[in-house]
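The values are calculated or read from the model by the stated rules, or taken from the named source; none is laboratory data. It should be emphasised that the depicted structure is a prediction, and the values quoted were computed from it without experimental measurement. Positions of Cβ are generated from backbone atoms using ideal geometry, with glycine treated the same way; all protein chains shown enter the neighbour counts. For accessibility, only protein heavy atoms count, side chains too; no ligands or nucleic acids. Shrake-Rupley method; radii C 1.70, N 1.55, O 1.52, S 1.80 Å.
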Amino acid sequence: MAFYGDKIFPRVMNRLMDNKNNREIRARVCRDLAGDVVEIGFGTGLNLPHFPAGVTRLQAVEPSKLCIRLAAQRIDAAAVPVRVAGTDGQFLPFADESADAVLSTWSLCTIPDAVAALHEVRRILRPGGSLHFVEHGAATDEAVRRWQDRLNPIQRRIACGCNLNRDIPALIEEGGLRISRLDTYYARGEPKSFAATYEGVATAA
Ligand SMILES: C[S@@+](CC[C@H](N)C(=O)[O-])C[C@H]1O[C@@H](n2cnc3c(N)ncnc32)[C@H](O)[C@@H]1O
């Protein structure tokens, strides 16, 4: 399983996560980022082309060495300086109140203790700073949620710890953040169990 997780899955993710629909979503989620930004679950750098000019630096947090290697060209081409600064969203290597914004795109499904990571996000955000997120998670429809619960053990295995059924808004609030904008929808072109999406902004509560 380690071989699959280390050597295969990052390549699959790099392909699957880079599609037209996701690019549109990434552009929306990144649109209002500014200043010193931290990204948790940086992956292969697929958000980099969407960073607006107001971003002065990106500090990336990502455990997969292969993801960072696959991101190399995007990092070189990025309009903002990128520093790979950490490997675990649950223990962010940044001072309190040091980031203007944090970005998380489809990462809270996978970080083992998402609430611990969100407490860290809250700790490092400057007063007035914000978490910009898009995540898939537990659907609001009961029937879809039942399917998500059934499929979750398989999903966790084939997608390296990714959960289909996390209650994303509840986790964000539990992490000490207050959601100031939230769009809830099914992403186009995917089965509903995988497509239940939460997109928005949260600030320190
Ligand atoms: C579904 S991928 C999303 C990647 C990227 N955010 C994107 O939008 O393409 C989930 C990412 O979370 C990362 N991840 C897993 N555990 C993590 C942790 N403890 N801290 C930070 N990131 C983690 C994975 O390595 C993977 O890159």
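Under 8 Å between Cβ atoms, which residue pairs at least 6 apart in sequence (or on different chains) link something in segment 139-161 that is at pLDDT 95 or above with a partner that is open to solvent by 60 Å² or more (accessible area, probe 1.4 Å) and more than 16 Å from the ligand (Cβ to nearest atom)? What qualifies is A139/R145; A139/Y186; A139/K192; T140/T184; D141/K192; V144/K192; W147/K192. Scanning segment 44-59 for residues that are in contact with a Cys (Cβ under 7 Å, 6 or more places away or on another chain) and within 13 Å of V82 (Cβ to Cβ) gives T44, N47, F51. If you go through segment 95-137 and keep only what is of a type in the set (A, V, I, L, M), open to solvent by 10 Å² or more (accessible area, probe 1.4 Å) and within 15 Å of the ligand (Cβ to nearest atom), you end up with I111, V115, A116.
Within this structure, R146 passes the test of being open to solvent by 90 Å² or more (accessible area, probe 1.4 Å), of a type in the set (D, E, K, R) and more than 14 Å from the ligand (Cβ to nearest atom).
Could you say whether any residue in segment 17-26 is basic (K, R) and within 11 Å of the ligand (Cβ to nearest atom)?
Restricting attention to segment 17-26, the residues satisfying the condition of being basic (K, R) are 20, 23, 26.
With the extra rule that they be within 11 Å of the ligand (Cβ to nearest atom), the set shrinks to 23, 26.
Yes, segment 17-26 contains a residue that is basic (K, R) and within 11 Å of the ligand (Cβ to nearest atom).
Any idea which residue in segment 27-51 is farthest from Q73 (Cα to Cα), counting only those that are in a helix (DSSP H, G or I) and within 11 Å of the ligand (Cβ to nearest atom)? Ranking the candidates gives V29 first. The single condition among (1) surrounded by 15 or more Cβ atoms within 10 Å (Cβ to Cβ); (2) of a type in the set (K, R); (3) free of Cβ contacts under 8 Å to residues at least 12 places away in the same chain that K20 does not satisfy is (1).
Any chance segment 9-16 includes a residue that's open to solvent by 10 Å² or more (accessible area, probe 1.4 Å), touching a Leu at 6+ places or on another chain (Cβ under 8 Å), near the ligand (Cβ under 9 Å from one of its atoms) and within 27 Å of Q155 (Cβ to Cβ)?
yes
Once segment 82-94 is narrowed to residues that are open to solvent by 40 Å² or more (accessible area, probe 1.4 Å) and assigned to a loop (DSSP other than H, G, I, E, B), the residue that is nearest to the ligand (Cβ to nearest atom) is D88. Inside segment 52-81, can you point out the residues that are part of a loop (DSSP other than H, G, I, E, B) and more than 20 Å from F9 (Cβ to Cβ)? Answer for segment 52-81, where residues must be part of a loop (DSSP other than H, G, I, E, B) and more than 20 Å from F9 (Cβ to Cβ): P52, A53, G54, A78, A79, V80, P81.
Put simply, of A196, A170, A143 the only residue that is over 20 Å from C30 (Cβ atoms) and in contact with a strand residue (DSSP E or B) (Cβ under 7 Å, 6 or more places away or on another chain) is A196.
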